[in-house]
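The values are calculated or read from the model by the stated rules, or taken from the named source; none is laboratory data. Computed from a predicted structure; not experimentally measured. Cβ coordinates were reconstructed from backbone atoms using ideal geometry, including for glycine residues, and neighbour counts include every protein chain displayed.
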Amino acid sequence: MREASRDRLKAFLTLLPSIILIGVFVYGFIGETIWTSMTDWGGSGSLSLTPEKNFVGLANYDELFTGFLGGGFRQDLVNAVYYSVLLLLGAVGLGLFIAILLDRKPKGEDVLRTIFLFPMSLSFIVSGTIWRWLLAPQGGLNVLPTYVGMEPLSYQWLSSTAAILEFNWQNLFQILIYVASFVMILTGLWMLKSNSRRAVELWLIPGIVLGAGAWLFGGLLPEALFMEEMHGFNMATLGIIMATVWQYSGYTMALYLAGFNGISQDLRDAAMLDGASEVGYYRHVAIPMLKPITISAVIILSHISLKMFDLIFAMTGPDNAETGHPALTMYLTTFRANDFAQGAAIAIVLFLIAALFIVPYLVSQYRQRGRH
Amino acid sequence: MKFLGGIMKKALAKVLIVMVAALMLSVPLTAQAKELTGELEIFSWWAGDEGPALQALIDIYKTQNPGVKVINARVTGGSGVNARAVLKTRMLGGEPPESFQVHAGQELIGTWVKSDRMEDLTPLFTEMGWTEVFPEGLIKLIGTDKGIWSVPVTIHRSNVMWYIPANLKKWGVEAPKTWDDFFAIAPKLKAAGVMPLSIAENWTINHLWESVALDSLGADNWDALWSGKLKFDSPEGIEAWALLGKILEYTNSDASSLSWQQATDMVIDGRAAFNVMGDWAAGYMFTTKKMAPGKDFGWIASPGTGGDFMFLADSFGLPKGVKNRDNAIAWLKVLGSKEGSDTFNPIKGSISARTDTDLSKYNDYLKSAAADFGKDRVVGSLAHGVAANETFTGGFSSIMEMFLKSRNAEFAAKACQQLANKAGI
């Protein structure tokens, strides 16, 4: 008994420096940023030794989401959501595909693995500059067809002003409810086989009711903005997504490859003996076993995509609404326009969105560990 | 007694040694009062083409003050975007460089003077007689009622339209004096497969806006806009945005992927007819492209702004609390001197702020700019930090992005007014 408490004391003392440092430099500064975001620190005189800061509550957030001048930020936010989703699909899909190909142990597998993983080791500024040149309007990819005697392409990879999937920010609440009901229906369909009663009662029916309700009575919902403001997926972001997928699919490939190698050969032989085809083996045996890897890849990529800064800065520079990202806006608002409070508010919004992804993951990890 | 005598002798010898040592130390100290030592850190965003010009100035400083170690701290990035962010962290960290480059005007005043971080340079201006040699209008724009805050080194003109005379002849058009002239020839150029006006990334469109607004509003209203007497969302203000919208119909759509040099290249290659850019474009064509001013490339004040000189200036200031203040003041003296100014500007491709400049050292374009600077109405540039503080200029870029998407002049003008309220204009 005594031995145990002594051990605990030792452990606590060993951890104490880390606890204090993390407390100050992580949580302390998160708190400081939250506080700053609720003041009016900005404008002229904001860089003096004793800047004037007054508490203004949530005014900065209000400005960002409903204000006249926050339009740029709202577009960036919408952009970041599309960017994250497409990056996840692209990087996880391509990574998985390459991993399956390499898992079949083709000739030169080790060389190919290194080649595919290589982009990971480049800094974003370097790969951003390379891709900027590749996607330049009168160079790179667009002149490739001329080598085989065809007309050059004129697609504007990074400067297109076209947008698809546009929606009016005024209808934000309605759209959020649609998304929620869509997710609920999907979850319901997914659970239908394993637990059909729960799926129908808990997910399918409420999801359909919610969606129908939003469709029928959407007009009753308050409008999120006093004027019409269209936001959508800007086609210029496609170039940035290509570059990011190129850089990160090698990483997801390595994750999956490690997972495939961890599956014992016996299991594979057993599946083959039972008459499973190659496709069947991956679909029903290997990939379901790699669910934890998929989850961690999604978590890591989603928070990387929310923090993406250098790649976009190198590829399209500052002040480019077509490819904007809240992280870029945060930097420009804070350090160029000297608006520290507003910059802090953007930082906190990004922090909360990242938490949306990570906290459920941490909670489920914690529960799993508790069970063992 | 003998023992005591020995001690006395030794003590005397020690005192003598100390006195001699003190004497030896003090002689060079008094002699060095005029000879500067230590370090001088110069913080700027002058790299690339402007690097040699800065080096020429540093060479002058070094011959005058051989004892000073000069640190040339450069943070590259067009228009100083990155340099200004680095500077802010250094100033906030209590480690200011001895002297830093800054756009003269509200960019310096709004950010650093209002924060009480700069030293008043009025005594230096009086001592060196600079109040006589710099134009009065300029001193007003770089100072406040509390003092003068920086030494202007270069003067650039913002409202210039560039073209290639031979190309215009080929297409049978003339350089437009007003935007109506431009609208008259633009469809013809477009039909011939030539882009009437080339533009590039975001800031170059801000740059175009200020030339267009100066024409649309007139110089008096332009000044009234920045002193808060004229509202941005007044009919005149909306008119300026509407005119910009009309002009943008005749510009290239891949603008956001291009640098300003690439937009100038479009004019040089004959893919575009005109380009509105500051007169660093003359430096680019003269120095990098080896083109003769007046013959290979031509220029005109941007439509409707003949007789107005929209200026911007690079200047250096003196932050409070620097380590080697004397070194910094000696540097500012070099910058403001006739020799320094006439060494730096011909290489950089700008004109001197001094009225007694030696024009024989400058090329033909710069001679014409200097002549205009002497007689034209001088107004401050927005895109390059003279007219408004950083809160406004930073937010203006995102309003421009919104305008490029929506093309809604009234909305943009209203957003500008909100921004002006926020920025305290």
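Here are the numbers:
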{"read-out": "Options B:270, B:283: the member that is surrounded by fewer than 22 Cβ atoms within 10 Å (Cβ to Cβ) and either touching a Cys at 6+ places or on another chain (Cβ under 7 Å) or away from chain A (no Cβ under 14 Å) (or both)", "value": "B:270"}
{"read-out": "Segments classed as helices (runs of 4 or more DSSP H), wholly inside the range B:359-425, with at least 2 members that are within 9 Å of another protein chain (Cβ to nearest Cβ)", "value": "B:390-406, B:409-423"}
{"read-out": "Those residues of the range B:331-366 which are surrounded by fewer than 19 Cβ atoms within 10 Å (Cβ to Cβ), touching a strand residue (DSSP E or B) at 6+ places or on another chain (Cβ under 9 Å) and under 16 Å from residue B:59 (Cβ atoms), in sequence order", "value": "B:333"}
{"read-out": "Test: residue in the range A:58-81 that is acidic (Asp, Glu) and more than 25 Å from the chain's Cα centre (by Cα)", "value": "no"}
{"read-out": "Members of the range A:123-152 that are touching a Pro at 6+ places or on another chain (Cβ under 7 Å) and either without any contact (Cβ under 8 Å) to a residue 24 or more places away in the chain or among the aliphatic types (A, V, I, L, M) (or both)", "value": "A:142, A:143, A:145, A:146, A:151, A:152"}
{"read-out": "Wholly enclosed helices (runs of 4 or more DSSP H) of the range A:235-345 bearing at least 2 residues more than 14 Å from every other protein chain (Cβ to nearest Cβ), surrounded by fewer than 23 Cβ atoms within 10 Å (Cβ to Cβ) and in contact with a helix residue (DSSP H, G or I) (Cβ under 7 Å, 6 or more places away or on another chain)", "value": "A:237-262, A:265-273, A:291-307"}
{"read-out": "Residues being of a type in the set (A, V, I, L, M) and farther than 30 Å from residue B:411 by Cα - total across the range A:193-229", "value": "11"}
{"read-out": "Residue pairs meeting the criteria (Cβ under 7 Å; at least 6 apart or on separate chains; first surrounded by 20 or more Cβ atoms within 10 Å (Cβ to Cβ), in the range B:175-193; second hydrophobic (A, V, I, L, M, F, W, C) and not in a helix (DSSP H, G or I))", "value": "B:185/B:173; B:189/B:173; B:189/B:273"}
{"read-out": "Selection within the range B:261-308 - among the hydrophobic types (A, V, I, L, M, F, W, C) and over 25 Å from residue B:180 (Cα atoms)", "value": "B:280, B:282, B:285, B:286, B:291, B:292"}
{"read-out": "Single residue of the range A:129-152 satisfying the filter (surrounded by 14 or more Cβ atoms within 10 Å (Cβ to Cβ) and of a type in the set (A, V, I, L, M, F, W, C)) that is farthest from the other protein chains (Cβ to nearest Cβ)", "value": "A:130"}
{"read-out": "Options B:151, B:173; residue that is β-branched (Val, Ile, Thr) and under 30 Å from residue B:391 (Cβ atoms)", "value": "B:151"}
{"read-out": "The one condition in (1) in contact with a helix residue (DSSP H, G or I) (Cβ under 8 Å, 6 or more places away or on another chain); (2) of a type in the set (Gly, Ala, Ser); (3) within 14 Å of chain A (Cβ to nearest Cβ); (4) under 19 Å from residue B:325 (Cα atoms) that residue B:94 fails to fulfil", "value": "(1)"}
{"read-out": "Pick from the range B:194-227, criterion within 14 Å of chain A (Cβ to nearest Cβ) and in a loop (DSSP other than H, G, I, E, B), ranking: modelled with the highest pLDDT", "value": "B:199"}
{"read-out": "When residues of the range A:346-369 are limited to those that are small (Gly, Ala, Ser) and without any contact (Cβ under 8 Å) to a residue 12 or more places away in the chain, the one farthest from the other protein chains (Cβ to nearest Cβ)", "value": "A:364"}
{"read-out": "Within the range B:71-186, helices (runs of 4 or more DSSP H) holding 3 or more residues that are closer than 27 Å to residue B:219 by Cβ", "value": "B:130-133, B:136-142"}
{"read-out": "The range A:44-63 residues that are without any contact (Cβ under 8 Å) to a residue 24 or more places away in the chain and away from chain B (no Cβ under 14 Å), paired with ones that are surrounded by 12 or more Cβ atoms within 10 Å (Cβ to Cβ) and of a type in the set (Phe, Trp, Tyr) (beta carbon under 9 Å, 6 or more apart)", "value": "A:54/A:41; A:55/A:35"}
{"read-out": "Residue B:314 vs. criteria among the acidic types (Asp, Glu) and outside any helix (DSSP H, G or I)", "value": "yes"}
{"read-out": "Every pair of residues 6+ apart whose Cβ atoms lie under 9 Å, when the first sits in the range B:45-67 and is assigned by TED's automatic domain parsing to the domain that holds residue B:103 while the second is basic (Lys, Arg) and surrounded by fewer than 20 Cβ atoms within 10 Å (Cβ to Cβ)", "value": "B:45/B:74; B:46/B:74; B:47/B:74; B:51/B:74; B:54/B:74; B:64/B:333"}
{"read-out": "Qualifying residues in the range B:367-395 (those that are out of contact with any strand residue (DSSP E or B) (no Cβ under 6 Å at 6 or more places or on another chain) and of a type in the set (S, T, N, Q)) - the one farthest from residue B:350 (Cα to Cα)", "value": "B:391"}
{"read-out": "Criterion violated by residue B:242 - all others in (1) under 27 Å from residue A:156 (Cα atoms); (2) without any contact (Cβ under 8 Å) to a residue 24 or more places away in the chain satisfied", "value": "(2)"}
{"read-out": "Flag if residue B:339 is of a type in the set (Asp, Glu) and within 14 Å of another protein chain (Cβ to nearest Cβ)", "value": "no"}
{"read-out": "Options B:286, B:232, B:309: the member that is assigned to a loop (DSSP other than H, G, I, E, B) and among the hydrophobic types (A, V, I, L, M, F, W, C)", "value": "B:232"}
{"read-out": "Subset of the range B:43-74 that is hydrophobic (A, V, I, L, M, F, W, C) and surrounded by 20 or more Cβ atoms within 10 Å (Cβ to Cβ) - its residue that is farthest from residue B:283 (Cα to Cα)", "value": "B:68"}
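Quick grid of which residues meet (1) within 30 Å of residue A:65 (Cα to Cα); (2) in contact with a Pro (Cβ under 8 Å, 6 or more places away or on another chain):
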position: A:3; (1), (2): no, no
position: A:7; (1), (2): no, no
position: A:12; (1), (2): no, no
position: A:23; (1), (2): no, no
position: A:28; (1), (2): yes, no
position: A:33; (1), (2): yes, no
position: A:41; (1), (2): yes, yes
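This table checks each residue for (1) closer than 30 Å to residue B:385 by Cα; (2) touching a residue at least 60 places away in the same chain (Cβ under 8 Å); (3) touching a Lys or Arg at 6+ places or on another chain (Cβ under 9 Å); (4) of a type in the set (Val, Ile, Thr).
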residue: A:266; (1), (2), (3), (4): no, no, no, no
residue: A:271; (1), (2), (3), (4): no, no, no, no
residue: A:281; (1), (2), (3), (4): no, no, yes, no
residue: A:285; (1), (2), (3), (4): no, no, yes, yes
residue: A:319; (1), (2), (3), (4): yes, no, no, no
residue: A:331; (1), (2), (3), (4): yes, no, no, no
residue: A:338; (1), (2), (3), (4): yes, yes, yes, no
